[in-house]
Amino acid sequence: MNAYLDVQGLTKSFGALLLFENISFSVSEGQKIGLIARNGMGKSTLLTILSGKEGYDSGSVIYRRDLRVGFLEQSPRFDPEETVLDACFNHHGDEEKVLRAKQVLTQLKIRDLQQPMGQLSGGQQKRVALANVLLTEPDLLILDEPTNHLDLDMIEWLEGYLSRGNRTLLMVTHDRFFLDRVCNLIIELDDHTLYTYKGNYAYYLEKRQHRLDVTRAEILRANNLYRRELEWMRRMPQARGHKARYREEAFYELERKAKQRIEERQIRLKSSNVYIGSKIFECQYVSKSFDNQVMLKDFYYNFARYEKMGIVGNNGTGKSTFLKLLLGLEPVDSGNFDIGDTVNFGYFSQEGLQFDEQQKVIDVVRDIADYIDLGRGRHFTASQFLQHFQFSPEQQYNYVYKLSGGERRKLYLCTVLMRNPNFLVLDEPTNDLDIQTLQILEEYLADFPGCVIVVSHDRYFMDKVVDHLLVFKGNGVIKDFPGNYTQYREWCALRSKEDQDTPVEKEEKSAKRDYRNSDKRKMTYKEKIEFARLEEEIAALEEEQKRIEAALCGGTVNIDEITAMSKRLPQLKDELDEKSMRWLELSEIE
């Protein structure tokens, strides 16, 4: 394979903080590599080193001669005076280049090519930077969070674009669907060490679990041997022979292995101390516009107890505005939100929280509460809560200014949850959070005994958390869909396929629909039985899915069980999708 990039023995630290040590890997032509690591472990720093904008302590970074590299930064900067088109690339009036730029920018919802960059939001500037990288057609693409600030349509377009052909890329992303569908190799940075998995994200999950199981077994064996050797060390006289010295040196190596830690959550954070009344909120024919752009128009919705709603739609269709109207942060033009007396909102916004840079992490959370009451006599201290969300005891006593961007977002999330709300309103909670934190948050929301509204472009996260969707179409049009995001896309695909039918096929299907939806058409007794059975089967399948996922995350199952569970999960998904689509079909019959 033609090697594009070779990294050997790379070490990087900031003062006493070691990010990675003596790591080596290569990127070859046609490889599509996803880089995974927890927040603060050095993912963005590694990409910045590869781009030549950051130095390193030791090692080597060698590119193939004359290789063209395109680098997408996490937070790109532009001259605020230059136009969108000029910021993209130096086109020199080349009409063909300008046409290509228009096509790519249109896909990324950037349409005014003469608009000054200073007038664009941070998200729009990131999309211009992405367009710039794609348009230069480099040999190697290095992308830092390319899906941030993209709506679902853009993400799916980019997915297809990067998957086609023999493109070579190395990217950091927390979008697990994106990783699964684009990448053919995963590298994980964990505990200063790099691990390589030759497959997509699903393959990585399976093999990573196997690696952790093997490591746990080795640590257990080392601990057992360590106890015996420690007794020998205590009994040995000071004057030791050659064999004794050899055994003593081996003892210290054994001690190092025995004291290894695998950070894992032994319990799920379940709270039974959250109460919310039967009245949640009623959105009573609310309308809202900005400069003649309609966000909501006479919108009515009655939110149910324990509901977990996802909100999806293109950027600018009013998703975040809806949340701000609900929370009273924006005034309505007309209509009203009637909110229940027991509702206590916890709001995680896109803007985040402004921290005191000189405050310690633990003190930020303790300023809110010393502990969170889980009910039934159980509670988590502020330190335990932070540790559950992967802030080690050492990190908890770091100052805020030392945190990475992802770690700050995670700390902000902890401050929201530490208030113990009974209604969580989460606006793009997945941006900049690492995959392990997303898994913890998914578990937390699955067990959360209150209400949830989530705005997110993370399809995997939405499928795991929500039970139905509000789809914002734009111009005040909002549709309610009774299912998760994957089911919604499958429904859209079916509708799209029907739109492509010939006139004769459309007429035949229309006749069938007319019969099915006519006033005379009622659900038959057999269909009623099927409908009730489907509800039970779907609930049972969802429960089985949760049990398998909990077992895989818990690290208590053996290799054979992991293999069987990994095979069962995709089967479960297929069964759930099939039964859910049939349930939707029957639910439309009176």
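Scanning segment 454-470 for residues that are closer than 20 Å to Asn148 by Cα, of a type outside the set (Asp, Glu) and not in a loop (DSSP other than H, G, I, E, B) gives Val454, Val455, Arg459, Tyr460, Phe461, Met462, Lys464, Val465.
Of all residues in segment 153-163, those being open to solvent by 10 Å² or more (accessible area, probe 1.4 Å) and of a type in the set (A, V, I, L, M, F, W, C) number 1.
Could you please find all residues in segment 131-150 being within 20 Å of Leu113 (Cβ to Cβ) and surrounded by fewer than 21 Cβ atoms within 10 Å (Cβ to Cβ)? Those that are within 20 Å of Leu113 (Cβ to Cβ) and surrounded by fewer than 21 Cβ atoms within 10 Å (Cβ to Cβ): Asn132, Leu135, Thr136, Glu137.
Within the span defined as segment 337-356, every residue fails to be surrounded by 18 or more Cβ atoms within 10 Å (Cβ to Cβ), more than 30 Å from Asp480 (Cβ to Cβ), in contact (Cβ under 8 Å) with a residue 40 or more places away in the chain and not basic (Lys, Arg). Count of segment 416-435 residues, restricted to those that are part of a strand (DSSP E or B) and under 20 Å from Tyr460 (Cβ atoms), is 3. For segment 13-64, filtered to residues that are of a type in the set (Val, Ile, Thr) and assigned to a strand (DSSP E or B), the residue that is nearest to Phe389 (Cα to Cα) is Ile36.
Residues in segment 459-486 that are more than 19 Å from the chain's Cα centre (by Cα) and more than 23 Å from Asn292 (Cα to Cα) were compared, and the one that is surrounded by the fewest Cβ atoms within 10 Å (Cβ to Cβ) is Asp480. Within segment 382-397, being over 23 Å from the mean Cα position of the chain (by Cα) and within 19 Å of Asp447 (Cα to Cα) holds for one residue alone: Gln384. Checked against (1) part of a helix (DSSP H, G or I); (2) modelled with pLDDT under 85; (3) surrounded by 11 or more Cβ atoms within 10 Å (Cβ to Cβ); (4) over 25 Å from the mean Cα position of the chain (by Cα), Arg521 passes all but a single condition, namely (1).
Selection of segment 176-207 for residues being more than 17 Å from the chain's Cα centre (by Cα) and farther than 13 Å from Ala37 by Cα yields Asn184, Leu185, Tyr197, Lys198, Gly199, Tyr203, Glu206, Lys207. Glu82: more than 26 Å from Leu50 (Cβ to Cβ) and free of Cβ contacts under 8 Å to residues at least 12 places away in the same chain, yes or no? Considered against the rule, which asks whether it is more than 26 Å from Leu50 (Cβ to Cβ) and free of Cβ contacts under 8 Å to residues at least 12 places away in the same chain, Glu82 comes out as no.
The values are calculated or read from the model by the stated rules, or taken from the named source; none is laboratory data. Bear in mind the structure is a predicted one, so any value in this text is a computation, not a measurement. As a convention, Cβ positions derive from the backbone with ideal geometry for all residues, glycine included, and neighbour counts pool all protein chains shown. Side chains included, ligands, DNA and RNA excluded: accessible areas come from the protein's heavy atoms. Shrake-Rupley method; radii C 1.70, N 1.55, O 1.52, S 1.80 Å.
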